[in-house]
Amino acid sequence: MSVVTVEKEVGASLVEEVDRLREEKNAVILAHYYQEPEIQDIADHVGDSLELARWAAETTADVIVFAGVKFMAETAKILNPQKKVLLPDMEAGCSLSDGCPPSEFRKFLDEHPGHVVVTYVNCSVEVKAMSDYICTSSNAEMVIDSIPKERPIIFAPDQNLGKYLIRKTGRQMVLWEGSCMVHEAFSIDKLLKLHAEHPDAEIIAHPESEQHVLKVAGFIGSTAGMIRHVNSSKAEKFIVATEAGILHRMQKDVPEKLLIPAPAAEENTCSCSECGFMKMNTMEKLYRCLKDERPEVVLDEDLRKQALVPMLRCLEFKPKP
Ligand code: 13P
Ligand code: SF4
């Protein structure tokens, strides 16, 4: 259904109607930096995975509308089960989460007994429930550093973040071989060519990127970390190696700076890399889910309680502002 059709139906603009419903239902809208600009603009909070998890845990709203992907909405429900958690499109998955099926992960853990299990938050509630610690890209290094040196570690499901952490922490870890299809889509050849055209630009990258991209990056960090970096850095130009939705917020913060999205290997309309799962959410779906209060995230209570333990440990690790 188009925006125009919905607006005709409700007799108001979609933005006004979402505002009205949000107030009527005491709802909060949380959006990730990879969401469409119009969704970011209407959200109560826009953040990275860790910030969104914290807001979800602390909110006093009755309803949480999660403009992100399924594992993020599940995380909100794990942390705040009394709230009704809605996701505009339940098909909004994630290649990392989908690439780590719980039954395979169970076998993997059985093959490596005695390991501390650290999982990146981009995984299902079942995988979270099998973990000792959950981390996000904002606090992964702190989590690994907190584990006694003699303890062997399994890190899943992102092998790129895992390899980066091995380099940063000096810890050997057994890695699950998953990856983010968005961050693996960058072309190193095109990136180097672009950098040669803009030698004064700093390359900044998300740690889900492949090692050859991270090696040429001047700064590596989570989405929130990358935004803070462009704000504080003296550089005037950046090549940004993460999902292109981040550019909306970044450019608002630093309108005077030049932000260039890192190029994807495949020719596409944006010459960048976009997450098809994140982009499944639209303003119309957001409006419908707030109005109808579905699709709703519902979790098995035993599973939720098991997943809560490592998730609460994750929130204890606060990255420096
Ligand atoms: P962060 O927002 O935590 O950096 O994660 C990026 C990401 O890929 C979320 O799916
Ligand atoms: Fe998953 Fe990558 Fe999309 Fe994030 S950007 S939701 S890690 S597929």
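Tell me yes or no: at least one residue of segment 308-321 is in contact with a Leu (Cβ under 8 Å, 6 or more places away or on another chain) and modelled with pLDDT under 95. Yes: segment 308-321 contains one or more residues that are in contact with a Leu (Cβ under 8 Å, 6 or more places away or on another chain) and modelled with pLDDT under 95.
Kindly evaluate I260 against the criterion of being modelled with pLDDT of 95 or more, away from ligand 1 (no atom under 14 Å from the Cβ) and buried (at least 18 other Cβ atoms within 10 Å of the Cβ). Break it down stepwise before answering.
Details: modelled with pLDDT of 95 or more: yes; away from ligand 1 (no atom under 14 Å from the Cβ): yes; buried (at least 18 other Cβ atoms within 10 Å of the Cβ): yes.
So I260 passes the test.
If only residues of segment 82-122 that are surrounded by fewer than 20 Cβ atoms within 10 Å (Cβ to Cβ) and small (G, A, S) are counted, the one that is nearest to A31 (Cα to Cα) is G93. Filtered by the rule that a residue be more than 15 Å from ligand 2 (Cβ to nearest atom), touching a residue at least 40 places away in the same chain (Cβ under 8 Å) and surrounded by 12 or more Cβ atoms within 10 Å (Cβ to Cβ), segment 263-276 gives P263, A265.
Name every residue in segment 269-299 that is under 17 Å from K84 (Cβ atoms) and among the charged types (D, E, K, R), in order of residue number. Even if it seems obvious, please write down each step before you answer.
Step one: of segment 269-299, the residues under 17 Å from K84 (Cβ atoms) are 285-299.
K285, R288, K291, D292, E293, R294, E296, listed by residue number.
Taken over segment 222-244, the criterion of being outside any helix (DSSP H, G or I), within 14 Å of ligand 1 (Cβ to nearest atom), open to solvent by less than 10 Å² (accessible area, probe 1.4 Å) and not hydroxyl-bearing (S, T, Y) is satisfied by V240, A241, E243.
Each residue in segment 78-119 was checked for being more than 16 Å from ligand 2 (Cβ to nearest atom) and touching a residue at least 12 places away in the same chain (Cβ under 8 Å), and 19 pass. Of all residues in segment 204-219, exactly one satisfies the criterion of being β-branched (V, I, T) and either open to solvent by 40 Å² or more (accessible area, probe 1.4 Å) or in a loop (DSSP other than H, G, I, E, B) (or both), namely V216. Right, M1: at pLDDT below 95, part of a loop (DSSP other than H, G, I, E, B) and open to solvent by 40 Å² or more (accessible area, probe 1.4 Å) or not? So M1 fits the description; yes.
Restricted to segment 130-203, the set of helices (runs of 4 or more DSSP H) holding at least 1 residues that are open to solvent by 50 Å² or more (accessible area, probe 1.4 Å) and within 16 Å of ligand 2 (Cβ to nearest atom) comprises 159-169. Here the helices (runs of 4 or more DSSP H) wholly within segment 5-99 that include at least 1 residues being at pLDDT 95 or above and within 17 Å of L299 (Cα to Cα) are 49-58, 70-79, 95-98.
The values are calculated or read from the model by the stated rules, or taken from the named source; none is laboratory data. Bear in mind that the values here come from a model prediction, so they are computed numbers and not experimental data. As a convention, Cβ positions derive from the backbone with ideal geometry for all residues, glycine included, and neighbour counts pool all protein chains shown. Surface accessibility is based on the protein's heavy atoms, side chains included, excluding ligands, DNA and RNA. Shrake-Rupley method; radii C 1.70, N 1.55, O 1.52, S 1.80 Å.
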